[in-house]
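A.B. asks: Can you keep this structure in mind? I'll have questions shortly.
The values are calculated or read from the model by the stated rules, or taken from the named source; none is laboratory data. Worth saying up front: this structure is predicted, and the values here are computed from it rather than measured. Cβ atoms come from the backbone with ideal geometry, glycine included; neighbour counts cover every protein chain shown.
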Amino acid sequence: MSKRREEKMMNWTTRVTELLNIRYPIIQGGLAHLAYSELAAAVSNAGGLGQITAMSLESPEKLREEIRKVRQLTDKPFGVNFAIGQHGRPFLDYLQVAVDEKVPVVSVTGGNPTPFFQALEGVKVKKLVLVAAKRQAQKAEELGADAVMVVGQEGGGHIGKHDLSTFVLVPQVVDAVSIPVIASGGIGDGRGLMAALCLGAEGIEMGTRFVATKECVHAHEKYKEALVNGDETSTVIIKRSLGAPARVLHNSWAERILELERENATYEQLKDYISGEANKRFAWEGKTEEGFVWAGQVVGLIKDVPSVAELFARMIKEAEEIRKKWMREPGV
């Protein structure tokens, strides 16, 4: 194989890498209560886009502190994720901090993104939107999104209402919008990265896989162990009755939520079970049967807890091996 062809094969440039000024088209998800400076900086240093979770922090000033910590740990681009759910806190003060600190990328998940875009009018920042349907992607483009992250039903955390898989949803969205598409849901290795690119995406977002890394320091070891020891059947979807389906690891706590939903429980009856406090009891404290944690079906592909740099190196090597097979000349 010629050197020129080898160099071409090693080129990871897509519209996503150019938009975000990153080496590899890999984005770390928002990860409520987990995505802080250590993880975000590690992902950015490895060549991807790390993100801080804004709305899990106690105050806008805490967000400012995390942003400045990231800048002490990396000189690479990073983002701040805003989960603007129905029962979340007001986000505009947090968003103003990101603007004041000149964060290069912001992303929004959950809820109606219109106020988010209105607040950013005239601000020089790259804007990403997580969507779970073609129409949502089209709306995000109309509002001014620079790219959309498309999550299939395999993903962890909040997913779409229509149980559309990543494999089906991504090409639908690619055909429906002109801005770059980033695939999410069920992706955890180099094979998933290459599959996403084949579907027309120009990058990937991963959440669950990044929980099981050394730099995700806020995730309790029992959470990471549960991801390593689980398989593709180890998750269930809660909150369907609330119109906000979300995938979590299956445990007795999640089973109780499902039982209450089958009994037509109201939000008031469910809120203590699905609260951030219940999430943190498992995620932070390791109380595996006293709370819940988000997880996608990709747990079936997680076998270890590497550093972020090791994970990137492995993924890129896997992806490159696939590319070599595709480009191999007859008889070589």
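A.B. asks: I'd like the full set of residues that are over 13 Å from A35 (Cβ atoms), aliphatic (A, V, I, L, M) and not in a loop (DSSP other than H, G, I, E, B), limited to region 50-89.
C.D. replies: L73
A.B. asks: In this structure, is D175 part of a helix (DSSP H, G or I), more than 20 Å from V299 (Cα to Cα) and without any contact (Cβ under 8 Å) to a residue 60 or more places away in the chain?
C.D. replies: So D175 passes the test.
A.B. asks: So, one more: Pick from R240, R281, R256, R262: which is at pLDDT 95 or above and under 24 Å from A132 (Cα atoms)?
C.D. replies: R240
A.B. asks: Checking K287 against (1) over 24 Å from D304 (Cα atoms); (2) free of Cβ contacts under 8 Å to residues at least 24 places away in the same chain, which single condition isn't satisfied?
C.D. replies: With respect to (1) over 24 Å from D304 (Cα atoms); (2) free of Cβ contacts under 8 Å to residues at least 24 places away in the same chain, K287 is out only on (1).
A.B. asks: How many residues does region 135-151 contain that are assigned to a helix (DSSP H, G or I) and acidic (D, E)?
C.D. replies: 2
A.B. asks: Moving on. Out of the residues in region 12-28 that are out of contact with any helix residue (DSSP H, G or I) (no Cβ under 6 Å at 6 or more places or on another chain) and part of a loop (DSSP other than H, G, I, E, B), state the one that is surrounded by the most Cβ atoms within 10 Å (Cβ to Cβ).
C.D. replies: The extreme case among them is I22.
A.B. asks: Is it the case, given these coordinates, that G192 is in a loop (DSSP other than H, G, I, E, B) and either in the same structural domain as L39 (by TED's automatic domain parsing) or farther than 21 Å from G85 by Cα (or both)?
C.D. replies: No, not satisfied.
A.B. asks: Test of understanding: among R191, R256, R247, which residue is in contact (Cβ under 8 Å) with a residue 12 or more places away in the chain and within 17 Å of the chain's Cα centre (by Cα)?
C.D. replies: Answer to the check: R247.
A.B. asks: Being of a type in the set (S, T, N, Q) and buried (at least 19 other Cβ atoms within 10 Å of the Cβ) narrows it down to one of T266, T288, so name that one.
C.D. replies: Only one candidate qualifies: T288.
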